[in-house]
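What follows is a short report on a single structure.
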Amino acid sequence: SNEELQSYIWLKTLPVNTKVFGFCSDTSSKHIIGFDKFDKPWDNNNMEFKDNVINKTPSDIKSFLKSRDYDYFIIDSTCINNFGINQTNNLINQTLSSNLFTTAHQTQGMILFKVL
């Protein structure tokens with residue numbers, strides 16, 4: 001959607017080489033999430049985590065991201081395609097209520113969380 005695209009364009013307001021983890025991005029691709037925001041989807045640990053992220057607790061998520069020096073993570077419409085709307089909403093709600101992350105940017109199509 002246009003809103004989701006605008007969210008990814010918003011990423012250019014973050015510092016260069018900020019590490020942004022895409023929970024639901026295609027694990028077979030090798031890409032930069034948006035402009036110069038770095039993700040390593042080809043990393044085996046990242047791929048395994050993405051495959052099982054829907055079953056992780058907010059504490060698990062924070063530990064994983066902190067151990068790999070990620071500053072932010074994205075939950076977007078791809079998560080709905082991968083996990084379904086109910087599980088994606090549960091993930092979002094658990095993340096929001098955990099107090100382990102803050103919402104850095106949000107639109108209808110994407111939420112960018114900052115790891116505290």
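FYI, it's all coordinate maths here, none of it is from the lab. Values in this document were obtained by computation on a predicted structure and should not be read as measured data. Reconstructed Cβ throughout: ideal geometry from the backbone, glycine too, with neighbour counts over all protein chains shown.
Brief remarks on what is shown
- Per DSSP, loop trypsin sites (Lys or Arg not before Pro) in the stretch 59-116 with at most 15 further Cβ within 10 Å: Arg68
- Modelled this way, with points 7 Å down the Cα-to-C-beta line, the labels at Trp10 and Asp60 are 2.8 nm from one another.
- Mean shadow area of the stretch 66-111 over all directions, Cα convex hull, nm²: 3.5
- For the stretch 83-116 versus the stretch 1-23, the gap between their alpha-carbon centres in whole angstrom: 15
- Applying 0.36 nm per residue to the separation of Met47 and Asn99 and subtracting their alpha-carbon distance, the gain on full extension is 16.2 nm.
- Approximate shape of the stretch 37-116 as ellipsoid semi-axes (Cα gyration tensor, √5λ), whole Å, largest first: 17, 15, 13
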